[in-house]
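Let me begin by presenting the structure, written as structure tokens, before commenting on it.
What follows draws every value from the coordinates through simple rules; no lab data is involved. Because the structure is a prediction, the values reported are computed rather than measured. Cβ coordinates were reconstructed from backbone atoms using ideal geometry, including for glycine residues, and neighbour counts include every protein chain displayed.
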Amino acid sequence: MPQQVPRLAVLFAVLVVGFVVARESLVPDTFGDVGHYRAAAVTSIAAREKSYAGHRECADCHDEIAEQRLASHHSGVACEVCHGPGAAHSEYPDEVELPAPRERGFCPLCHRYDPSRPTGFPQIEPVAHNPLEPCMSCHDPHAPEPPEVPEECGACHGQISRLKTVSHHVTLDCTTCHATEEQHKITPRLVRPGKPVDRGFCGTCHDEDADSQADIPRIDLATHGEDYQCWQCHYPHYPETG
Amino acid sequence: MQGYIYPNEFELHWGLLVVLYPYITGLVAGAFILASLERVFNVKEVQPTYRLALLTALAFLLVAPLPLLAHLGHPLRSYEIFLTPNRKSAMAMFGFVYAWYLTVVLLLEIWFEYRKDLVLWARSERGPKKWLHYALTLGATDLSEEALRFDDNAGRWITIIGIPSAFLLHGYVGFIFGSVKANPWWSSVLMPVVFLFSAIVSGIALVLFIYVAASLFRSKPVDMRCADKLAAFLFYAMIVDFSLEMLDFIHRLYESEESIEILSQLIQGPLFISLIVLQVVLGTLVPLIALGVVSPALSDRGVSRTPAELRRLIYLACATLVQIGIFSIRWNVVLGGQLFSKSLRGLTVYKPLLFGTEGLLMASVLLFLPLVILWLLVKVLPPWLDAEATE
């Protein structure tokens, strides 16, 4: 046998044995019993000390706040989201204090304007929205409301109204196109404003024969844009051409 | 950003480092396949680059997993992929392909190739170098006719196993992308094949570049027969690679699925520079024309005769352009596939960072590192013909 073979064989044997030993000693015992993970992880995680109590626990002692929150816009935001894990506090309320997030930076974690949040989610621009004052001086964190009914649609539809002010439609009020009841500003999801439904609506200003301001650009309603709705091509809050 | 993209598409999950990874493995596979072809088909002219190609493959192979480690961010856990492999995951199985390729193919082939020289060097040297070379022989110092014949045979067998292994190594990288059903830019059975041929192109260009540049640095004459032959190989490989890519392209155009609209916007928009300008024009057409004219690929002495000094420089320039082109291919595949929305209605942008584990600095370090390793390897295992020991 050539000299090379036994030498390489030893080398590879060391590698293979090393691998087998490493596998034997490093792979946890219960690995793979259930799935591609260590089955005992479930019990060892379950055995860890609890740090969250759950909002029902808090209600035992802070019943007023708990009721208040459940009836408010924050009904979906649990106590410990804001106050941090409270299991220890629930057990020894006098020894363990829970912090309250009073600084202005906290609320914008959820309420800062972010285009990926759903439309209608209450959002503000923290730099512009009543700067320097803590949020709590105007909004109760356990029952948040705008302190007064906002006048401007832009208070809640900031992006649309900002866009409109730099568009050709700047002179048009929102209510020209959206018939809006006052109640919409108080319970926006229950009372919805109207929206234009057909081409004829835009035609009231833009049709060739429409009875409107002379400087409004005209189109032939019968042929322009075929059968599509106008807003499939022109964004009504920022109409562009071409 | 333009049009409509989903919120979770705003940030690209696979950045510059994931571009680097297929680029580097491509160089490994390419350099190795070049070496193998030289050996299997016994091409005499390119003999001077056989060992160089093997060492290049090794240097780049050692660095190949590093971009992934940096990208995943848990290098200390990386060994677990070997201990508890998920057999249904192509990515997990790759660990074994890598280990196989490194130990069984590349290191063994280099060992058999160098064993005789190692023994002779160990005999004639003194000091630490002697011991290093002796250790590398593993004590197998038999230089009899029979033992040397065994080296040669073993090397040939490993080469024959090595070619499919190298195909697997890089085909796998294409496979990872090609099998993403939901992504119209990636999903294509041609992907592994296209990846392979672009790997071969990049590997040949790299070896050509290193060979010519290293000869100039060492102020040794460049063996022009060798450089010419490599350049001709490069030309042929590029023709095949380019045809495959065109085939893929035409196939997509002809199929004209609903994604074609956004893909054409992608090509005309965010990928215009890297795809049309860098990949196709500078990285493929310019070097193809230049090589076609000066290299002996089309006619024995080249379509137009050029003095050796000029030809050398043209080869260096072509090899550089090809590298830029292949890097752009990886860029276009990896990033391009994430630049358009799954809604097929919007495009986003990629801005590489400078610092951080995924930044430009990290990427340049990882690109430079294989060259440092190669330099060290060349110190220990000189691949030049003039360094080969004679009895």
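The Cα center of the range A:186-222 and the Cα center of the range A:128-179 differ in position by 24 Å. Helix-only arithmetic for chain A: the sum of -39500 (n - 2.57) across DSSP H runs with n ≥ 4, divided by the residue total, places the mean residue ellipticity at 222 nm at -8500 deg cm²/dmol. Cβ-to-Cβ counts within 10 Å put B:Met238, B:Met191 in ascending order as B:Met191, B:Met238, the fewest first. Placing unit charges on the Cβ atoms of the charged side chains and taking the dipole of the range A:1-132 about its Cα centre, the candidate lying farthest along the positive direction among A:Phe12, A:Leu109, A:Pro93 is A:Phe12. Under the convention that each Lys and Arg Cβ holds +1 and each Asp and Glu Cβ holds -1, the size of the dipole of chain A around its Cα centre is about 1380 debye. Reducing the range A:4-46 and the range B:77-109 to their Cα centroids gives an inter-centroid distance of 14 Å. Distances between placed amide hydrogens fall under 5 Å for A:Phe31 paired with A:Ala39, all partners being 5 or more residues away or on another chain. Based on alpha-carbon atoms, the Kirkwood radius and the radius of gyration of chain B give Rg/Rh equal to 0.99. Computed over Cα pairs, the Kirkwood radius of the range B:279-391 leads via Stokes-Einstein (1.306 mPa s, 10 °C) to a diffusion coefficient of 88 µm² per second. Short to long, the 5 Å bins of the Cα pair-distance histogram for the range B:70-133 hold 4, 14, 14, 15, 12, 9, 10, 11, 8, 2, 0 percent of all pairs. In this Cβ point-charge picture (+1 for Lys and Arg, -1 for Asp and Glu), the protein assembly as shown has a dipole of about 3640 debye about its Cα centre. Per-residue ellipticity at 222 nm for chain B, helices alone: DSSP H runs ≥ 4 residues times -39500 (n - 2.57), over residue total, nearest 500 deg cm²/dmol? Value at 222 nm, helices only: -21500 deg cm²/dmol. Normalising by residue count, chain A has a Cα convex hull of 343 Å³ per residue. Compared with the dominant Cα axis of chain B, that is its longest principal axis, helix B:308-334 is turned about 40°. The alpha-carbon of B:Lys181 sits under 15 angstrom from the alpha-carbons of these aspartates and glutamates, leaving out residues fewer than 8 places away in its chain: B:Glu257, B:Glu258. For the range B:153-221, report the % of Cα-Cα distances exceeding 20 Å. Counting pairs separated by more than 20 Å, the tail of P(r) holds 51 percent. For the range B:205-350, the dipole from Cβ point charges (+1 on Lys and Arg, -1 on Asp and Glu) about the Cα centre works out to 680 debye, to the nearest 20. Applying the Karplus relation 6.51 cos²θ - 1.76 cosθ + 1.60 with θ = phi - 60° to the range A:98-104 yields 3J(HN,Hα) values of 9, x, 10, x, 8, 6, 5 Hz, where x marks Gly and Pro. Which of the helices in chain A, when you take each full DSSP H run, stretch at least 24 Å along the axis at their Cα atoms and have an average Kyte-Doolittle score of -0.5 or higher? Helices meeting the span and hydropathy rule in chain A are A:4-26.
Rg ratio for the range A:57-107: its Cα radius of gyration over 2.2 N^0.38 Å, N being its residue count, equals 1.17. Modelled label positions at A:Leu98 and B:Phe96, each set 7 Å beyond Cα in the direction of Cβ, lie 5.1 nm from each other. Backbone geometry of the range B:282-294 corresponds, through the Karplus equation with coefficients 6.51, -1.76 and 1.60 at θ = phi - 60°, to 3J(HN,Hα) couplings of 6, x, 10, 5, 4, x, 4, 5, 4, 5, x, 7, 9 Hz, x marking Gly and Pro.
Sorting B:322-331, A:59-68 by average packing, meaning the other beta carbons within 10 Å per residue, from highest down gives B:322-331, A:59-68. Chymotrypsin sites (Phe, Trp or Tyr not before Pro) within the range A:187-234: which are DSSP loop residues with at most 12 other Cβ atoms inside 10 Å? Here the chymotrypsin sites (Phe, Trp or Tyr not before Pro) that fit, given the DSSP loop and packing criteria, are A:Tyr228. Applying a DSSP loop filter and a limit of 15 other Cβ atoms within 10 Å to the GluC sites (Glu not before Pro) in the range A:135-237 leaves A:Glu148, A:Glu151, A:Glu152, A:Glu181, A:Glu208, A:Glu226. Counting only other chain Cβ atoms within 10 Å of each residue's Cβ, the peptide A:17-27 averages 2. A:Ser75 sits among other residues whose Cβ lies under 12 Å from its own Cβ, and their net charge, with Lys and Arg +1 and Asp and Glu -1, is 0. Taking chain A as a Gaussian network, where each spring joins two C-alpha atoms under 10 Å apart, which residue of A:Cys205, A:Cys110, A:Cys79 fluctuates the most? Highest fluctuation among the options: A:Cys205. Derived scalar couplings between HN and Hα for the range A:220-232 equal 8, 4, 6, 10, 5, x, 6, 9, 6, 5, 4, 7, 6 Hz in order, rounded to whole Hz, by the Karplus curve 6.51 cos²θ - 1.76 cosθ + 1.60 (θ = phi - 60°), x for Gly and Pro. Out of every Cα-Cα pair in the range B:205-350, what percent are more than 19 Å apart? Of all Cα-Cα distances in the range B:205-350, 58 percent exceed 19 Å. Which log10 I(q)/I(0) values does the protein assembly as shown give at q = 0.07 Å⁻¹ under the Debye formula, counting every alpha carbon as one identical point scatterer? Result of the Debye calculation: -0.70. Scoring B:122-134, B:98-110, B:218-230 by mean Cβ neighbours within 10 Å over their residues and listing the highest first yields B:98-110, B:218-230, B:122-134. Computing FRET efficiency as 1/(1 + (r/R0)^6) for B:Leu253 and B:His13, where r is the C-beta to C-beta distance and R0 is 22 Å, gives about 0.20.
Take the alpha-carbon centre of the range B:140-199, take the same for the range B:292-361, and report the distance between them in whole Å. What the calculation gives is 22 Å, centre to centre.
Using DSSP to define loop residues, name the GluC sites (Glu not before Pro) in the range A:2-60 whose beta-carbon has at most 16 other beta-carbon atoms within 10 Å. Here the sparse-neighbourhood loop sites are A:Glu49.
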